[in-house]
Amino acid sequence: MLFLELAQYFQRLEETTSRLDMADILASLFKNLGVEEVDKAVYLTLGEILPAFRGVEFGVSEKLIMEALSKACGVKVKQVEALYKQKGDLGDTAQELIKWEGRKLSLQQVYTELLQIAQTKGTLDKVMKLISLLKGLSSLEARYAVRIVLGRLRLGVGDATIIDALAVASGGKDLKSLIERAYNLCSDLGLVAKRLKEGGIKALEEFRVQLGYPIRMALAERVASAEEIIKRLGRCAVEAKYDGFRLQVHKDGQKVEIFSRNLERMTNMFPDIIKGVLQDIRAQRVILEGEAIAINEETGEFYPFQVTIQRKRKYGIEEYSKEYPLKLFCFDLLFLEEEDYTVKPFQERRKALEEILSNTNTLRASEIIITDSPKEIEAFFEEAVTRGLEGIMAKRLDAPYTAGSRNFNWIKLKRSYRGALADTIDVVIVGYYYGRGARAKLGIGGLLVAVYEPSTDTFKTVSKVGSGFTEEEWRTLKDLLERVKLSHKHPRVDSILDVDVWVEPRYVITVNADEITRSPLHTAGRTIEEPGYALRFPRAVSFIREDKNPEDANTVEDIIRLYQIQKRVSME
Ligand code: AMP
């Protein structure tokens with residue numbers, strides 16, 4: 001396929017506001033692609049060059065693009081700047097500046113050039129490569145290439161839309177669960193698309209976990225009491241819930257890769273864990289998961305989350321790893337030597353996990369009891385909380401590892417759910433208001449936020465948030481949101497309320513609220529007969545959660561469950 005054809009598909013995608021149409025357009029795109037092209041088209045449609053876990057970024061600034069455009073088109077940088085000011089988008093600027101036909105490059109040729117730009121280290125080399133790419137592109141192609149390089153393609157296509165489209169393109173909706181399964185096992189939609197194209201349904205049925213490809217993480221549901229845990233799981237495993245950050249470790253002989261909860265490559269951040277993995281694991285090829293938490297070596301106590309989180313940093317890595325060494329409390333084993341362990345029951349995975357850990361120092365198995373008594377769970381819970389842990393995690397003994405899904409195979413019980421509703425909620429920013437009074441001078445005074453609804457792959461509004469940030473944070477927020485602003489409501493956002501500025505649903509923040517109420521103004525949980533749900537007295541308790549993707553925000557279902565728990569608690 002020519003890159004121009006892909007650009008024309010992008011144009012059609014940009015022009016539609018309906019998610020269903022998007023899936024149809026994408027399905028027709030995927031049908032027209034060959035085995036060697038389909039993966040690349042998937043990455044580019046998502047605005048990426050490779051799946052995020054590869055950690056490859058373009059590292060190209062606006063300034064660099066303007067420089068390249070000026071050289072390629074033979075106009076002054078000042079002129080490019082002026083046009084950009086007027087257009088507000090560098091893709092549109094490139095489209096207007098470029099007057100030539102281009103060299104009719106294929107999708108694969110352009111992809112290769114883009115990849116080279118990303119992999120090139122020096123700024124000068126990058127600009128040269130950009131110039132040569134721009135010279136080969138027509139104006140429409142340049143519009144999208146520039147946006148991709150800047151990480152601002154913003155077609156509004158998410159993973160779920162791609163999955164729907166792949167299913168339709170390959171012959172039917174029933175394929176969807178197989179595609180999802182494969183995606184959950186490798187986190188690489190390009191790879192899944194390629195396998196599907198190459199080997200059809202059979203290739204997906206045979207899809208297995210692979211070292212080096214992060215497995216999408218299993219998540220926990222929540223309940224309000226130990227009795228409810230036993231009611232749901234019967235005899236079960238109960239573990240301490242450590243308040244650090246989750247890591248998935250891939251060990252292939254002497255080679256180690258580490259992925260974060262949202263599957264970003266974090267290998268370079270944790271030299272102490274890598275050393276521990278090489279020392280403490282008695283096996284060659286392993287994928288395991290654990291919670292990393294900093295411990296005060298003097299007292300043996302856990303540091304609070306605020307201290308642990310400082311280890312997520314780009315600079316001063318060595319220094320901090322000495323000051324706050326991490327322990328990895330391992331709680332699951334997903335792959336061992338040649339075998340996919342995700343399909344085995346929890347108890348078997350746990351047994352093998354304990355066998356391969358020598359429990360010397362950095363890597364330890366999480367503390368665990370097996371019980372069918374709510375009383376015993378209560379006691380374990382109290383003890384954990386007294387030691388500064390977050391609470392407990394209960395696990396169904398015979399359940400497989402359910403990659404990429406949240407269900408009752410894992411159940412969390414945190415201290416804050418006991419008593420009135422006081423759990424925090426992760427929400428996605430979908431728009432903002434200019435603000436009044438003192439805030440007006442900042443140009444931002446409130447946010448419209450939403451929760452995720454997986455069944456429709458949309459974001460439903462649940463609250464306006466106007467407090468909890470410092471003035472400095474508001475300023476930074478405004479800058480960040482400015483970069484993802486849209487001229488109209490995003491196709492995946494469902495809202496009755498209007499805002500001053502719509503933005504791409506990209507940033508997650510954590511908020512606290514006094515309670516959840518029913519409200520006709522919000523779309524979360526709204527049906528034809530019933531109003532939606534809203535947060536009362538919301539305030540932000542975190543700045544942007546870099547570790548969460550929009551789809552990792554709490555769901556409509558979570559809100560409804562919290563509402564029910566709150567009702568029950570207030571009746572007790
Ligand atoms: P939450 O983030 O509140 O939904 O709780 C789930 C998170 O708890 C997981 O993603 C892990 O990061 C963390 N966690 C801490 N200890 C454990 C454990 N023993 N088993 C599973 N997850 C744990």
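Read the figures in this text as sums done on the coordinates, not as results from a lab. If you're wondering where the values come from, they're calculated on a predicted model, not measured in any experiment. We place every Cβ from the backbone using ideal geometry, glycine too, and count neighbours over all the protein chains shown.
Below 8 Å between Cα atoms, with a sequence gap of 6+, how large is the relative contact order for the chain in percent? Working shown, then result.
Working: 1113 pairs, mean separation 69.1, N = 572.
Across the chain, relative contact order equals 12 percent.
Given just the C-alpha atoms of the stretch 219-413, how large is their convex hull per residue in cubic angstrom?
Numbers: hull volume 21.6 nm³, N = 195.
Measuring per residue, one finds 111 Å³ for the Cα hull of the stretch 219-413.
Report, please, the projected area of the stretch 425-571 averaged over directions, based on the convex hull of its C-alpha atoms, in nm².
Values: hull surface 35.4 nm².
Answer in nm², one decimal: 8.9.
Got a sec? How would Tyr533, Tyr320 order by Cβ neighbour count within 10 Å, fewest to most?
Values: Tyr533 23, Tyr320 18.
With the sparsest Cβ surroundings first, the list reads Tyr320, Tyr533.
Which ³J(HN,Hα) values, rounded to whole Hz and listed in residue order, are derived for the stretch 484-499 from phi using the Karplus coefficients 6.51, -1.76 and 1.60 in 6.51 cos²θ - 1.76 cosθ + 1.60 with θ = phi - 60°, glycine and proline given as x?
10, 6, 10, 7, 8, 4, 4, x, 9, 9, 10, 8, 8, 6, 9, 9
Where Rh is the Kirkwood radius over the Cα pairs of the chain, the temperature 20 °C and the viscosity 1.002 mPa s, what D in µm²/s does Stokes-Einstein return?
Values: Rh = 25.5 Å.
Stokes-Einstein gives a translational diffusion coefficient of 84 µm²/s.
For the stretch 130-252, treating each Cα as an identical point scatterer without solvent, what Debye log10 I(q)/I(0) comes out at q = 0.10, 0.11, 0.14, 0.15 1/Å?
-0.57, -0.66, -0.92, -0.97
Rank-order 233-241, 71-79 by packing density, defined as the average count of other C-beta atoms within 10 Å over each peptide's residues, highest first.
Details: 233-241: 20.0, 71-79: 14.0.
The densest-packed peptide leads the list: 233-241, 71-79.
Through the Karplus equation 6.51 cos²θ - 1.76 cosθ + 1.60, θ set to phi - 60°, convert the phi angles of the stretch 49-62 into ³J(HN,Hα) values in whole Hz; use x for Gly and Pro.
10, 8, x, 3, 5, 6, x, 9, 10, 5, x, 10, 8, 4
Most exposed first by the Cβ proxy, i.e. fewest other Cβ within 10 Å, how do Leu105, Leu497, Leu124 rank?
Details: Leu105 20, Leu497 13, Leu124 9.
Fewest-to-most Cβ neighbours within 10 Å comes out as Leu124, Leu497, Leu105.
Ratio to report: Rg/Rh of the stretch 8-128, with Cα atoms as the point set and Rh obtained by the Kirkwood method; give two decimals.
Working: Rg = 16.1 Å, Rh = 16.4 Å.
Rg divided by Rh gives 0.99.
How much net charge surrounds Thr362 when only the other residues with a Cβ under 11 Å from the Cβ of Thr362 are counted, with Lys and Arg +1 and Asp and Glu -1? Could you put the intermediate results ahead of the total?
Details: positive: Lys275, Lys327, Arg364; negative: Asp272, Asp280.
Counting the neighbours of Thr362, the net charge comes to +1.
Within a Cβ distance under 12 Å of Arg539, other residues only, what is the Lys/Arg minus Asp/Glu net charge? Each step should come with its number before you reach the end.
Values: positive: Lys464, Arg536; negative: Asp514.
Summing Lys and Arg as +1 and Asp and Glu as -1 gives +1.
About the Cα centre of the chain, what is the dipole size in debye to 20, counting +1 per Lys and Arg Cβ and -1 per Asp and Glu Cβ, all else neutral? If you can, show how the numbers build up before the last one.
Numbers: 85 positive and 86 negative charges, 259 e Å.
Roughly 1240 debye for the chain.
Can you put Thr461, Thr308 in order of Cβ neighbours within 10 angstrom, beginning with the fewest?
Working: Thr461 27, Thr308 22.
Ordered from fewest to most neighbouring Cβ atoms within 10 Å, Thr461, Thr308 come out as Thr308, Thr461.
Over the stretch 303-461, what portion of Cα pair distances is larger than 30 Å, expressed as a whole percent?
Numbers: 5091 of 12561 pairs.
Across the stretch 303-461, Cα pairs with separations above 30 Å total 41 percent.
I'd like the Kirkwood hydrodynamic radius of the stretch 193-318, using the inverse of the mean 1/r over distinct C-alpha pairs, in Å. Each step should come with its number before you reach the end.
Numbers: mean 1/r = 0.0571 Å⁻¹.
Evaluated on the stretch 193-318, it is 17.5 Å.
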